Amino acid sequence: MTAKVRFHLDPFLRTLVAIVGAFLLTRWSSIAVLALPWPPEQAVMTGMLLGFAVFAATVIWVFVAGSLRSACLGLLPAGGLLMYFSQEVAL
């Protein structure tokens, strides 16, 4: 007897988008916090704590969204905004 293994592409792609998207948003949010006029120690700690919340919210958003397309399109504005502010810190 052979067991058929069904491969569903949508959960796999959502998991991939959740991992990559959450990593990038977490990275950019941790760097963007350094643009705030706070002491460096406080900015680093805030960035670390914010990273946990951003990672969890991103993963939840990807799996709650109605479709994979809307999940990806929902991450673009947040990613663009955070990437802009993280680039401002780098300059």
Can you find a residue in the stretch 48-61 that is open to solvent by less than 40 Å² (accessible area, probe 1.4 Å) and more than 11 Å from the chain's Cα centre (by Cα)? no
Between Ala71, Ala32, Ala43, which is assigned to a helix (DSSP H, G or I), within 15 Å of Val17 (Cβ to Cβ), open to solvent by less than 70 Å² (accessible area, probe 1.4 Å) and of a type outside the set (Asp, Glu)? Ala71
Have a look at Phe23, Phe12 and point out the one that is loosely packed, with under 12 Cβ neighbours inside 10 Å and part of a helix (DSSP H, G or I). Phe12
Please work out which residue is surrounded by the most Cβ atoms within 10 Å (Cβ to Cβ), limiting yourself to the stretch 74-91 and to residues that are in a helix (DSSP H, G or I) and without any contact (Cβ under 8 Å) to a residue 24 or more places away in the chain. Gly74
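The values are calculated or read from the model by the stated rules, or taken from the named source; none is laboratory data. The shown structure was predicted, so the numbers you read here are calculated from the model rather than taken from an experiment. Backbone-built Cβ (ideal geometry, glycine too); neighbour counts: all protein chains shown. Areas reflect the complete protein model, heavy atoms only, side chains present, ligands, DNA and RNA absent. Shrake-Rupley method; radii C 1.70, N 1.55, O 1.52, S 1.80 Å.
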